[in-house]
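First comes the structure, then the notes that go with it.
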Amino acid sequence: MSSQLLVGYSSSSSSSEDETSAAQISACSEKAQEESCSGGDVRMVKVFHDAPRPSRPQVSLPVPDSVLNMFQDREEEHHSNDSARHGGRVRSFPHERGNWATYVYVPYEASEEFFDLLDHLLSHSRTYGLSLVRMEEFHISLSQTIILRHHWINPFVQSLRDRLLSVHRFFCIVDQVKVYTNLEKTRTFLGLAVSSGHAQILELISEVDRVLEEFNLQTFYKNPSFHISLAWCVGDLSDKLHGRCLQDLQEMVDHFEDAAVLLRCHMQQICCKAGNKIFSFPLR
């Protein structure tokens with residue numbers, strides 16, 4: 001014998017109806033028990049209540065950092081390839097997860113007087129219809145921008161440190177106004193080229209190139225023009241900067257007060273930047 005009991009009641013019923021329903025439930029329950037004891041097959045008893053059960057407050061658990069960091073690279077990849085976020089600049093190579101853009105350089109600490117000179121140069125360039133953006137930091141490059149896999153960074157840095165242990169400090173003069181473009185001709189740079197200290201920088205380049213060769217990476221340019229980039233603009237506008245404009249800017253540098261002292265770059269340390277990590281190597 002099989003039976004399925006579906007019993008429901010409403011909270012809006014009268015007290016007499018409630019008592020009747022309660023009696024029916026009790027009777028049905030007793031009948032089900034009797035049939036179960038006598039070998040009957042009672043499959044299911046369901047009682048539905050209209051009154052809502054009290055809901056438990058939901059507590060949001062914090063997401064572990066390990067999970068959040070799983071998607072950080074994807075977010076950075078999207079942003080790093082978006083030229084609108086970088087003033088219209090276009091990446092020289094596509095960003096790939098696990099690849100770290102890396103370069104070696106000598107930092108230049110700009111003084112207040114240096115910024116005064118730079119403001120004069122940029123202001124004068126605007127009279128030729130050029131709107132140049134000042135660089136965020138200043139340095140002399142000792143390598144091209146290369147790509148390192150994450151697990152290469154520490155061995156690369158250690159090899160670089162070992163190579164630079166015997167290099168002594170020196171200084172160079174950067175006082176020659178020059179115009180540069182990147183290889184893709186997507187950006188134009190106004191810079192100050194090295195006029196003294198070229199031979200010592202070549203010795204540095206030789207040590208850095210040996211490290212690059214250990215990792216089968218591209219070495220520095222042949223016949224390089226060492227310089228500090230001052231400002232940039234999108235596109236190849238080198239024709240506008242050359243000629244009379246460049247002559248004017250050079251005269252402004254030559255006649256700037258204390259230019260000989262101001263444009264002396266002290267080569268006291270070498271830096272390597274890999275992604276957002278910076279490693280420093282003091283010279284002897």
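The values are calculated or read from the model by the stated rules, or taken from the named source; none is laboratory data. Note that the coordinates shown come from a computational prediction; the quantities given were computed from them, not determined experimentally. A quick note on method: Cβ atoms are made from the backbone with ideal geometry, for glycine too, and the neighbour counts reach across all protein chains shown. Heads up: the accessible areas ignore ligands, DNA and RNA and are worked out on the full protein's heavy atoms, side chains in. Shrake-Rupley method; radii C 1.70, N 1.55, O 1.52, S 1.80 Å.
Taking (1) of a type outside the set (Val, Ile, Thr); (2) more than 22 Å from Gln269 (Cα to Cα); (3) more than 26 Å from the chain's Cα centre (by Cα) in turn, Leu190 satisfies each apart from (3).
Across region 257-278, what is the number of residues that are under 17 Å from Ile140 (Cβ atoms) and open to solvent by 30 Å² or more (accessible area, probe 1.4 Å)?
Filtering region 257-278 down to residues under 17 Å from Ile140 (Cβ atoms) leaves 262-273, 278.
If we keep only those that are open to solvent by 30 Å² or more (accessible area, probe 1.4 Å) too, we end up with 264, 266, 268-269, 273, 278.
Of the residues in region 257-278, 6 are under 17 Å from Ile140 (Cβ atoms) and open to solvent by 30 Å² or more (accessible area, probe 1.4 Å).
Residues that are open to solvent by 40 Å² or more (accessible area, probe 1.4 Å), touching a Gly at 6+ places or on another chain (Cβ under 9 Å) and not in a loop (DSSP other than H, G, I, E, B) occur at least once in region 240-256.
Given the structure, is Arg284 open to solvent by 40 Å² or more (accessible area, probe 1.4 Å) and either touching a His at 6+ places or on another chain (Cβ under 6 Å) or among the hydroxyl-bearing types (Ser, Thr, Tyr) (or both)? First the steps, then the outcome.
On the way: open to solvent by 40 Å² or more (accessible area, probe 1.4 Å): yes; either touching a His at 6+ places or on another chain (Cβ under 6 Å) or among the hydroxyl-bearing types (Ser, Thr, Tyr) (or both): yes.
Here the answer is yes, as Arg284 does meet what is asked.
Taking region 208-243 only, how many residues are farther than 19 Å from Ile147 by Cα and free of Cβ contacts under 8 Å to residues at least 40 places away in the same chain? Of the residues in region 208-243, 5 are farther than 19 Å from Ile147 by Cα and free of Cβ contacts under 8 Å to residues at least 40 places away in the same chain.
Only one of the listed residues (Ala193, Ala260) is touching a strand residue (DSSP E or B) at 6+ places or on another chain (Cβ under 8 Å), hydrophobic (A, V, I, L, M, F, W, C) and not in a helix (DSSP H, G or I). That residue is Ala193. For region 211-239, residues that are open to solvent by less than 80 Å² (accessible area, probe 1.4 Å) and assigned to a loop (DSSP other than H, G, I, E, B) total 10.
Do we have Val208 as of a type outside the set (Lys, Arg), open to solvent by less than 40 Å² (accessible area, probe 1.4 Å), assigned to a strand (DSSP E or B) and in contact with a Leu (Cβ under 6 Å, 6 or more places away or on another chain) here?
Here the answer is no, as Val208 does not meet what is asked.
Within region 130-145, is there a residue that is open to solvent by 70 Å² or more (accessible area, probe 1.4 Å), farther than 30 Å from Leu283 by Cβ and in contact with a helix residue (DSSP H, G or I) (Cβ under 7 Å, 6 or more places away or on another chain)? No, region 130-145 contains no residue that is open to solvent by 70 Å² or more (accessible area, probe 1.4 Å), farther than 30 Å from Leu283 by Cβ and in contact with a helix residue (DSSP H, G or I) (Cβ under 7 Å, 6 or more places away or on another chain).
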